[in-house]
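Enquirer: Starting off with a structure, shown below.
The values are calculated or read from the model by the stated rules, or taken from the named source; none is laboratory data. Note that this is a predicted model, so its numbers are computed, not measured. Please note: Cβ atoms are built from the backbone with ideal geometry, for glycine as well, and neighbour counts cover all protein chains shown. What goes into the accessible areas is simple: the full protein's heavy atoms, side chains included, and nothing from ligands, DNA or RNA. Shrake-Rupley method; radii C 1.70, N 1.55, O 1.52, S 1.80 Å.
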Amino acid sequence: MNIKNIFLGALALSMVSGVALAGALDEPDNMAPFFTDSGMKTMKPEAGFKAAWASTAKDKQDKMMKECQDAAMSKPHAEFCANLMMYAGHN
């Protein structure tokens with residue numbers, strides 16, 4: 001009985017943690033404008049990247065910048081965040 005409760009508690013915690021870790025950089029709708037392909041493997045060149053950034057809502061921009069400044073959140077999106085800081089970070 002005790003093992004079952006521990007397992008269920010761990011499962012619930014992992015589910016809640018997984019949702020909490022998903023952020024603006026994990027949302028396909030937020031990221032798609034910055035890529036040339038539907039698989040989001042190839043980023044747009046500088047002009048396209050800047051145009052996509054300019055058309056992004058301010059609240060989404062703020063969330064994306066905040067996540068790119070967080071080492072843990074930005075790690076899976078390192079190339080994107082490097083471009084964001086270089087092209088859009090100092091507007």
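Enquirer: The conditions are (1) crowded, with 17+ Cβ neighbours inside 10 Å; (2) among the acidic types (Asp, Glu); (3) over 14 Å from Asn30 (Cβ atoms), and Glu67 fails exactly one of them. Which is it?
Expert: All conditions pass for Glu67, except number (3).
Enquirer: Report, ordered by the first and then the second residue, all pairs with beta carbons closer than 7 Å, sequence separation of six or more or different chains, a first member in segment 39-50 that is without any contact (Cβ under 8 Å) to a residue 40 or more places away in the chain and under 9 Å from Tyr87 (Cβ atoms), and a second member that is open to solvent by less than 80 Å² (accessible area, probe 1.4 Å) and part of a helix (DSSP H, G or I).
Expert: Close Cβ pairs satisfying both conditions: Phe49/Phe34; Phe49/Asn83; Phe49/Tyr87; Lys50/Tyr87; Lys50/Ala88.
Enquirer: If a residue counts only when it is modelled with pLDDT under 90 and among the aliphatic types (A, V, I, L, M), which helices (runs of 4 or more DSSP H) contained entirely in the chain have at least 1 such residues?
Expert: Numbers: elements: 2-21, 28-31, 46-54, 58-68, 71-74, 78-83.
Filter on the chain gives 2-21, 71-74.
Enquirer: Any residue in segment 38-59 that is open to solvent by 80 Å² or more (accessible area, probe 1.4 Å) and within 18 Å of Ala22 (Cβ to Cβ)?
Expert: Yes, because at least one residue in segment 38-59 is open to solvent by 80 Å² or more (accessible area, probe 1.4 Å) and within 18 Å of Ala22 (Cβ to Cβ).
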